[in-house]
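Structure record follows, encoded as structure tokens.
Read-outs: derived from the displayed coordinates by stated rules, not from any lab. If you're wondering where the values come from, they're calculated on a predicted model, not measured in any experiment. Cβ atoms come from the backbone with ideal geometry, glycine included; neighbour counts cover every protein chain shown.
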Amino acid sequence: MKVVGTIAEVREYVGAAKRRGESVGFVPTMGYLHDGHLALIRRARAENDVVVVSIFVNPLQFGPNEDYERYPRDLERDIALAETGGADLVFAPSVSEMYPRPMLTYVNVEKLSEGMCGASRPGHFRGVATVVCKLFNIVTPDRAYFGQKDAQQAAVIKRMVGDLNINVQTVTVGTVREPDGLAMSSRNVYLDAGQRSAALVLSKSLSLARRMIEAGERDAGKVRDAMTRMIQSEPLARLDYIALVDAEDLVPLDRLSGPVLIALAVFIGNTRLIDNILVEVGGCPPTASP
């Protein structure tokens, strides 16, 4: 595996691969890799001749009071894990390499980026879309891989690719969880033992929502209320949002039908965690016998 830090080196490496007729898979990350990232890398490995992984903590997607400076970083560890997962090239640029001068050009995906995490983190998805667009132009992959845990991000990127006719196939890979159900996240390292236990309320509330829907509930408000009560029952949890939306266009739903994304963000102490599930909701719910 090769590790590079400049755009020119990436373009030279990928250009040579494409001249050999090889396909290129790409996994963009902010580093501090875990098994969720490795699932993306392994999927890319299985579907492409060459796998490129980027490791870059992107300042554009952090707000002024967020955790950019303390976001966990361990490049040596990440390089070793990326190689274990099957990466051929790691691109680990500096901020000055990615942004050599103040940015005047941004990519903004409207509507899809405005609710949910977009409402809580203004400008976040503009930063995400801009850096991913830059990375797509640098790496020119055939396929790019994103995690379902960041469902809104995946939807934003997919729409950006379609609207701008970017020649890449986006692939969404299912959320990887700890054995007790907690979605894997680089930010889990912030949690102490008590907070780690409290964080299970996210996956538990999503499981509650799934059970209610499977039992026939179609009123989004009732599902949201039940999830809210469960989260509020955890003393260390502070709810940011719960959303029940159409899985493709992220439009909020009153009545549940078709593919539904149930997503939430919760603060556990000072750490903001997100999670979601996809539920295929059938037709009319069962009715009680007379």
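Brief remarks follow.
- In nm, spacing of pseudo-spin labels at L208 and D74 (7 Å Cα→C-beta vector): 3.4 nm
- Highest-first arrangement of 134-147, 243-256, where packing means the average Cβ count within 10 Å: 134-147, 243-256
- Here the simple spin-label model places points 7 Å from the Cα toward Cβ, and for E66 and T228 these points are separated by 2.6 nm.
- Database remark: amide H of K2 closer than 5 angstrom to the amide H of L89, V90 (H placed geometrically; neighbours at sequence offset of 5 or more, or on other chains; Pro and chain starts carry no H).
- Estimated from the Cβ-Cβ distance and a Förster radius of 51 angstrom, the FRET efficiency linking E22 and M103 is about 0.95.
- Over 19 Å between alpha carbons, listed pairs K134/K158; K2/K149; K149/K204: K2/K149
- Taking a ≥ b ≥ c as the square roots of the eigenvalues of the Cα gyration tensor, an a/c ratio below 1.5 marks region 55-204 as rounded.
- The chain, relative contact order [Cα under 8 Å, separation at least 6], %: 16 percent
- Entry note, region 18-88: relative contact order of 42 percent, from Cα contacts under 8 Å with a spacing of 6+ residues.
- In region 60-110, the GluC sites (Glu not before Pro) that fall in loop regions by DSSP, at most 15 other Cβ within 10 Å: E66, E69, E110
- Rounded if a/c under 1.5, otherwise prolate or oblate - region 144-290, Cα gyration tensor axes: oblate
- Between E47 and S197, the modelled labels are 4.0 nm apart [label points 7 Å from Cα along Cα→Cβ].
- Neighbour net charge for V176 - beta-carbon separation under 15 angstrom, K R +1, D E -1: 0
- Cα-based helix-to-principal-axis angle, 7-19 vs the chain, degrees rounded to 10: 90 degrees
- V156, V53 arranged by Cβ crowding within 10 Å, fewest neighbours leading: V156, V53
- Three-way shape call for the chain based on the alpha-carbon gyration tensor, with the a/c threshold at 1.5: prolate
- Positive minus negative residues near L89 (Lys, Arg vs Asp, Glu; Cβ under 10 Å): -1
- The residues packed around I55, meaning those with a beta-carbon under 15 Å from its beta-carbon, carry a net charge of -3 if Lys and Arg are +1 and Asp and Glu are -1.
- Residues listed by number, region 245-260, amide nitrogen under 16 Å from D219 label point at 7 Å toward C-beta: 253-257
- Mean ellipticity per residue at 222 nm, deg cm²/dmol - from DSSP H runs of n ≥ 4 across the chain, formula -39500 (n - 2.57): -11000 deg cm²/dmol
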